[in-house]
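Participant: The structure that follows is given in the form of structure tokens.
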Amino acid sequence: MSETVLLVGGGGREHAIARALAPDCTLFACASNRNPGIAALAAGFENRSETDPDAIVEYAESIGATLAIIGPESALAAGVADALEEAGVYTFGPQSTEAQIETDKAYQRSFMREHAIPGCPDFETFEDIEAACAYIDEYDGDLAVKPAGLTGGKGVKVIGDQVTPEEAKTYLRESEYDRVVLEERLVGEEFTIQAFVANGEVRTAPAVQDHKRAYEGDEGPNTGGMGSYSDTTTHLPFMTSEDYADAVEIIEATVDALEGYKGVLYGQFMLTAEGPKVIEFNARFGDPEAMNTLPVLETSFLDVLVAAREGDRLPELLFTSQATVCKYAVPEGYPTNPNAGAKIEVDEDAAGDALLFYASVDEREDGLYTTTSRSFAVVGRGEDIATAETISEDALSAAGEGFHIRHDIGTASLVQSRIDHMNELQN
Ligand code: AMP
Ligand code: GLY
């Protein structure tokens, strides 16, 4: 039977999902922004808000969708998966209550504590901001201050890294959050593992390291992610295969405790001197990490979705043994003061051996221009990280003017600095 799949979302992550699914099914997509890359792969593309369940269900019914997949967390939080399931469309994505594992950080930490899931940092939740400030004063050590709700990764402040204790308290007093989590600052190297989950089964992808800081050398404000890399093995150069296995065990324990979860479960880990600890879980693919993972997935992603829907065992995942380097091109000034309106000169042909993924672009008569969000990403694949990095840079040389790009992502010196950092912590 041929499948008709509805994809919700219009960013780089969803372009990667579209590219993975399009050859095997009839694909339709909807998002609040028009993504020209997805539109070119899809049989239909409609402008619908990702947070409007009724409008999305109506579109799913009009195309006769047999499956749906949701990219962004905003749609999960808004109950799009619940509404699609209610309309009889199997959706590879959690219900809004299950997505709380991402959308409510206080719930996430309490869940880990309650189920004794390993890798949970010391934490407390506060509704009273003055009580939170007193906790900062009393706590012996540095804390990470996290609003409980969704902030696109930009609401977290880490004492001893980004802010002083005094600045953290001022931040809390000025921000008017109604609930915050204060947790032990974890020191180490971050990595992501994305797991495909359904019918009680877990299939994990190779680890990816995302670079969230805006500027080279991992400096500057946090962003949604400036670029990311993966290696030819399941683990990354600064970790061991045991570290990867330990993190997978944490994901498996979480899936067991969640009971009935389906969709992608994304674990964000800090590899500390004591092993992997959980920074957070997301209920969806990462952006950019989906662009590292899906292009090296040899197993048909559609087969995974169909097995999930049919209640079958999920296929074992095969990945090409290639390293990947993904780099985002964002408007100059991003994220604090982004300048929209730069012309994007690169297209899929000019990207050469790299894959080009569109994110937020403004389509005008004479071409594509930047908005104030991340514009597009290129992904190089190769026999090692250095080769993949060169391929991504070759594509970026055709980007055009007016972009900010972290050219250091995937370079030998940045990769080595992460290894050196881990060695320092372990000695
Ligand atoms: P989150 O929104 O939870 O992903 O947090 C955003 C970023 O804040 C993470 O990618 C980390 O760099 C940092 N962060 C979050 N929690 C901690 C923690 N407990 N210790 C150190 N850094 C953290
Ligand atoms: N790359 C981080 C995220 O998708 O949340």
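The values are calculated or read from the model by the stated rules, or taken from the named source; none is laboratory data. These numbers come from a predicted model, not from an experiment. As a convention, Cβ positions derive from the backbone with ideal geometry for all residues, glycine included, and neighbour counts pool all protein chains shown. Heads up: the accessible areas ignore ligands, DNA and RNA and are worked out on the full protein's heavy atoms, side chains in. Shrake-Rupley method; radii C 1.70, N 1.55, O 1.52, S 1.80 Å.
Participant: (1) open to solvent by 70 Å² or more (accessible area, probe 1.4 Å); (2) more than 23 Å from residue 9 (Cα to Cα); (3) modelled with pLDDT under 95: which one isn't true of residue 416, the others all being true?
Facilitator: Of (1) open to solvent by 70 Å² or more (accessible area, probe 1.4 Å); (2) more than 23 Å from residue 9 (Cα to Cα); (3) modelled with pLDDT under 95, only one is false for residue 416: (3).
Participant: When residues of the stretch 339-358 are filtered for being farther than 22 Å from residue 220 by Cβ and surrounded by fewer than 21 Cβ atoms within 10 Å (Cβ to Cβ), how many remain?
Facilitator: From the stretch 339-358, those farther than 22 Å from residue 220 by Cβ are 341, 343-358; that's our starting set.
After this cut, where a residue has to be surrounded by fewer than 21 Cβ atoms within 10 Å (Cβ to Cβ) as well, the list is 341, 343, 345, 347-350, 352-353.
The qualifying residues number 9.
Participant: Another one. Under 9 Å between Cβ atoms, at least 6 apart or on separate chains: pull out the pairs that start in the stretch 178-198 with a residue that is without any contact (Cβ under 8 Å) to a residue 40 or more places away in the chain and end on any residue that is more than 16 Å from ligand 2 (Cβ to nearest atom).
Facilitator: none
Participant: Could you tell me which numbered condition residue 170 fails, if it satisfies all but one of (1) without any contact (Cβ under 8 Å) to a residue 12 or more places away in the chain; (2) in contact with a helix residue (DSSP H, G or I) (Cβ under 6 Å, 6 or more places away or on another chain)?
Facilitator: Only one criterion in (1) without any contact (Cβ under 8 Å) to a residue 12 or more places away in the chain; (2) in contact with a helix residue (DSSP H, G or I) (Cβ under 6 Å, 6 or more places away or on another chain) is unmet by residue 170, namely (2).
Participant: Mind listing whichever residues of the stretch 183-229 are open to solvent by 10 Å² or more (accessible area, probe 1.4 Å), more than 15 Å from ligand 1 (Cβ to nearest atom) and either within 21 Å of residue 321 (Cβ to Cβ) or outside any loop (DSSP other than H, G, I, E, B) (or both)?
Facilitator: Of everything in the stretch 183-229, those that are open to solvent by 10 Å² or more (accessible area, probe 1.4 Å), more than 15 Å from ligand 1 (Cβ to nearest atom) and either within 21 Å of residue 321 (Cβ to Cβ) or outside any loop (DSSP other than H, G, I, E, B) (or both) turn out to be 201, 202, 203, 204, 206.
Participant: Could you grab the pairs with beta carbons closer than 7 Å, sequence gap of 6+ or different chains, first residue in the stretch 98-113 and of a type in the set (D, E, K, R), second one open to solvent by 20 Å² or more (accessible area, probe 1.4 Å) and assigned to a helix (DSSP H, G or I)?
Facilitator: Here the result reads 98/258; 102/73, each pair linking the stretch 98-113 to a residue that is open to solvent by 20 Å² or more (accessible area, probe 1.4 Å) and assigned to a helix (DSSP H, G or I).
Participant: Is it the case, given these coordinates, that residue 336 is open to solvent by 30 Å² or more (accessible area, probe 1.4 Å), outside any strand (DSSP E or B), at pLDDT 95 or above and among the hydroxyl-bearing types (Ser, Thr, Tyr)?
Facilitator: Answer is no for this residue.
Participant: Only one of these conditions is not met by residue 350: (1) in a loop (DSSP other than H, G, I, E, B); (2) among the aliphatic types (A, V, I, L, M); (3) touching a strand residue (DSSP E or B) at 6+ places or on another chain (Cβ under 6 Å). Which number is it?
Facilitator: (3)
Participant: Answer yes or no: is there a residue in the stretch 125-146 that is surrounded by fewer than 18 Cβ atoms within 10 Å (Cβ to Cβ), closer than 30 Å to residue 248 by Cα and away from ligand 1 (no atom under 15 Å from the Cβ).
Facilitator: no
Participant: Evaluate the following for residue 407: is it modelled with pLDDT of 95 or more and either outside any helix (DSSP H, G or I) or farther than 30 Å from residue 274 by Cα (or both)? Can you show your working first?
Facilitator: Working: modelled with pLDDT of 95 or more: yes; either outside any helix (DSSP H, G or I) or farther than 30 Å from residue 274 by Cα (or both): yes.
So residue 407 passes the test.
Participant: Please find, among 177, 139, the residue that is modelled with pLDDT under 95 and either more than 16 Å from ligand 2 (Cβ to nearest atom) or closer than 30 Å to residue 315 by Cβ (or both).
Facilitator: 177
Participant: For the stretch 187-222, name all the residues that are among the hydrophobic types (A, V, I, L, M, F, W, C) and more than 20 Å from residue 237 (Cα to Cα).
Facilitator: Selection gives 195, 196, 197, 198, 202, 214.
Participant: Sort through 287, 312 and tell me the only one that's over 30 Å from residue 398 (Cβ atoms) and at pLDDT 95 or above.
Facilitator: The match here is 312.
Participant: Turning to a different aspect of this structure: Within the group 22, 78, 43, which residue is under 22 Å from residue 265 (Cα atoms), open to solvent by 10 Å² or more (accessible area, probe 1.4 Å) and of a type in the set (A, V, I, L, M, F, W, C)?
Facilitator: Among 22, 78, 43, only 78 is under 22 Å from residue 265 (Cα atoms), open to solvent by 10 Å² or more (accessible area, probe 1.4 Å) and of a type in the set (A, V, I, L, M, F, W, C).
Participant: Same structure again: Could you tell me whether residue 287 is over 26 Å from residue 116 (Cβ atoms), within 16 Å of ligand 2 (Cβ to nearest atom), open to solvent by 10 Å² or more (accessible area, probe 1.4 Å) and not in a helix (DSSP H, G or I)?
Facilitator: Judged against the criteria, residue 287 is a match.
Participant: If you scan the stretch 235-266, which residues turn out to be on the phi > 0 side of the Ramachandran plot and among the charged types (D, E, K, R)? Give the steps one after another, and end with the answer.
Facilitator: Within the stretch 235-266, the subset on the phi > 0 side of the Ramachandran plot is 259-260, 263.
The one that is on the phi > 0 side of the Ramachandran plot and among the charged types (D, E, K, R): 259.
Participant: Moving on to the next point. Please specify each residue of the stretch 245-276 satisfying the condition of being in a strand (DSSP E or B) and of a type in the set (S, T, N, Q).
Facilitator: Within the stretch 245-276, 268, 272 qualify.
Participant: Quick one: residue 279 ticks every box in (1) part of a loop (DSSP other than H, G, I, E, B); (2) touching a residue at least 60 places away in the same chain (Cβ under 8 Å); (3) not charged (D, E, K, R) bar one, so which box is it?
Facilitator: (1)
Participant: Mind listing whichever residues of the stretch 358-402 are out of contact with any helix residue (DSSP H, G or I) (no Cβ under 8 Å at 6 or more places or on another chain) and part of a strand (DSSP E or B)?
Facilitator: Correct list: 362, 364, 367, 369, 370.
Participant: Being within 27 Å of residue 103 (Cβ to Cβ), over 16 Å from the mean Cα position of the chain (by Cα), more than 16 Å from ligand 1 (Cβ to nearest atom) and outside any loop (DSSP other than H, G, I, E, B) is the requirement here; does residue 330 meet it?
Facilitator: Numbers: within 27 Å of residue 103 (Cβ to Cβ): yes; over 16 Å from the mean Cα position of the chain (by Cα): yes; more than 16 Å from ligand 1 (Cβ to nearest atom): yes; outside any loop (DSSP other than H, G, I, E, B): yes.
Taking the combined requirement at face value, the residue satisfies it.
Participant: Ok, one more. Mind listing just one residue for me: the one in the stretch 230-258 that is among the β-branched types (Val, Ile, Thr), touching a helix residue (DSSP H, G or I) at 6+ places or on another chain (Cβ under 8 Å) and open to solvent by 20 Å² or more (accessible area, probe 1.4 Å) and, of those, nearest to ligand 1 (Cβ to nearest atom)?
Facilitator: Looking only at the stretch 230-258, we keep the residues that are among the β-branched types (Val, Ile, Thr), and these are 232-234, 240, 248, 250-251, 254-255.
Keeping just the survivors that are touching a helix residue (DSSP H, G or I) at 6+ places or on another chain (Cβ under 8 Å) gives 233-234, 254.
Applying the additional criterion that residues be open to solvent by 20 Å² or more (accessible area, probe 1.4 Å) yields 233-234.
Numbers: 233: 23, 234: 21 Å.
So, considering only residues that are among the β-branched types (Val, Ile, Thr), touching a helix residue (DSSP H, G or I) at 6+ places or on another chain (Cβ under 8 Å) and open to solvent by 20 Å² or more (accessible area, probe 1.4 Å), the one nearest to ligand 1 (Cβ to nearest atom) is 234.
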